[in-house]
Every structure is written in C-alpha cells, then in structure tokens.
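Reviewing the structure listed below.
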Amino acid sequence: MKISIITVSYNSAKTIEDTLVCVREQSHENIEHIVVDGASKDGTQEIVERYKDGLANVIIEPDYGIYDAMNKGIRSATGDIIGFLNADDCYVSDNVLAKVAEAFSNTDTDSVYGDLCYVSNDDTNEILRFWKAGKCTAKGFLNGWMPPHPTFFVKRSVLEKYGIFDPTFRFAGDYELILRLLYKHNISTHYIPFCMVKMRIGGAGNRWMENRLIANLEDRLAWKKNNLKPRPYTTLLKPLRKVLQFAGMRKKAAFLS
C-alpha cells in the first residue's frame, strides 16, 4: 500500500527538518513524500534540498493559501492513501504509517484517523494539550466534533470522487473537506485510538483565539456550501471542545502508549 504524505511549508526553516526526518524514519516501506513550498525566503528551500533524495516531488512556487498548496500536493500524489503533515508537525514514532496501512488493510475503510497532541514550540516532548478524537458519529458532527486533520488519511480515489480542498477558505478548509466526506457523503472511517502526531503550538491553525471569529464564520459556511443544516450551537461547540482538551493534559503517559 503506497501512502502519499503531503507537507506544505512557507518560511519553515526552524521546524521543517523535524518533519522531513520523521517521515524518512517511518518503518512503512512504500511512502511518497511530497513537499509543496510557497517560495520561502528563510532557508526552508535549502533544508528541503538537503533531503531531496528522499522526496518524491518538491513543488516550489507561490500559492494562494494553504489549501491551494495542499491541492497541488494532492494533484501530484500517486499513492493509494493520502495524508498531510505540515512543516511544524511530526509523527510521534516511526510506526505511525505502518499502523495506518494496517488499519486500511484490515478494515477495508475509506479513511482512518487518530489522536493528536499539541507540544511546545521549543520542546516537542513537552505536551501542552491532547486532542483525543474518539469515534466518528453524525451526532458528533452536530455537536462540533471533527477529527484532527493531521491524523486524517483518506483513499485518493475518494478525493477523486468527492473533490479536494476548497481554496476559498482561509482557516476552515480542512473542516469543510472532512465535513463533506464523513458527514455529507458518509464515507467509511476507522478510528485508531493512539496519538499519531505532535503539532507545535503557534502554527497558523493554532492561533485560534485571534482568528476564531473568521474561523467560526467559515465553519458555518462549510455547512452552507454543502447544503447541510447544523444545530444552532454546532459551530460554537467546536472551539469549546479545544478548551476542554486541556483537562486531559495530565494523562500524558497513558495517552501516548
């Protein structure tokens, strides 16, 4: 089973090496790693060049935002399965993609996802927040649920059938895509109950307090564009779930096992 991992970057010189190394060290043998860089000016391109022998494709050119860049990666991908690991994220161990491949093989599912932990910018071993996803249900979506996008893996054939990211979104393009696939089209999915990804606090997707108003409007737009009707409180519960994740911080050891 071939897994395509798409890494989008822009001025990510401080973190991208960790991302490149963690994908290279995965025990799963059939991996296609694609880097899409928005013409960085801080040394990111030089770091990517050093690891180019382990990359299937490198696309360096300006883009119209993160979801436009991700779509470039999808169009370039040839794997059976597609996942996303941004330039400030890394896998928690070298067997994450092996577990993903095993789940696809054993369950014949269209997609899989798992748990995520937020870590310090300066020390990726310092866990600040857990995102324990839990099982996917229609009721969950109505109550503001979504899986962590960096842990979401989907068959390329599903994206070819139902479409890729809507690049008009600034912050909620991942939410819109997952809502469209899992809720609207009800593709099959399988939850892997272990922490897959470490995400640094401070990325564009994590400055949610300052961007929450725009993101909330886009969350509502995601439902509208798909001709779906949320509950009055659906998009309000979505950020509240993130606040509640702090309650699980002390469960670090058990959560990462």
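The values are calculated or read from the model by the stated rules, or taken from the named source; none is laboratory data. Keep in mind that this is a model prediction, so the values were computed, not measured. All Cβ positions, glycine included, derive from the backbone under ideal geometry; neighbour counts span all protein chains shown.
I'd like the full set of residues that are of a type in the set (S, T, N, Q) and surrounded by 21 or more Cβ atoms within 10 Å (Cβ to Cβ), limited to segment 111-166.
Residues of segment 111-166 of a type in the set (S, T, N, Q): 111, 120-121, 124-125, 137, 143, 151, 157.
Once the filter is applied, which keeps residues that are of a type in the set (S, T, N, Q) and surrounded by 21 or more Cβ atoms within 10 Å (Cβ to Cβ), segment 111-166 yields Ser111, Thr151.
The conditions of being within 16 Å of Thr78 (Cα to Cα), under 18 Å from the mean Cα position of the chain (by Cα) and surrounded by fewer than 23 Cβ atoms within 10 Å (Cβ to Cβ) are met by Ile31.
Restricting attention to segment 74-93, the residues that are crowded, with 23+ Cβ neighbours inside 10 Å and over 24 Å from Phe130 (Cβ atoms) total 2. Listed conditions (1) surrounded by fewer than 17 Cβ atoms within 10 Å (Cβ to Cβ); (2) over 24 Å from Leu177 (Cβ atoms) are all met by Ser40, apart from (1). Residue-level check: of (1) among the aliphatic types (A, V, I, L, M); (2) surrounded by 14 or more Cβ atoms within 10 Å (Cβ to Cβ); (3) within 28 Å of Lys99 (Cβ to Cβ); (4) modelled with pLDDT of 95 or more, Met1 misses just (4).
For first residues located in segment 22-36 and in contact (Cβ under 8 Å) with a residue 24 or more places away in the chain and closer than 12 Å to Leu97 by Cα, partners that are aromatic (Phe, Trp, Tyr) and buried (at least 20 other Cβ atoms within 10 Å of the Cβ) and lie 6+ apart or on another chain with Cβ distances below 8 Å form the pairs Cys22/Tyr91; Val23/Tyr91; Gln26/Tyr91.
If a residue must be of a type in the set (S, T, N, Q) and under 15 Å from the mean Cα position of the chain (by Cα), how many such residues does segment 139-174 contain? Please lay out each step first, then the result.
Looking only at segment 139-174, we keep the residues that are of a type in the set (S, T, N, Q), and these are 143, 151, 157, 168.
Those left that are additionally under 15 Å from the mean Cα position of the chain (by Cα): 151.
Qualifying residue count, segment 139-174: 1.
How about segment 150-186: which of its residues are of a type in the set (A, V, I, L, M, F, W, C) and closer than 13 Å to Ile81 by Cβ?
Filtering segment 150-186 down to residues of a type in the set (A, V, I, L, M, F, W, C) leaves 152-154, 158-159, 164-165, 169, 171-172, 177-179, 181-182.
Of everything in segment 150-186, those that are of a type in the set (A, V, I, L, M, F, W, C) and closer than 13 Å to Ile81 by Cβ turn out to be Phe152, Phe153, Val154, Val158, Leu159.
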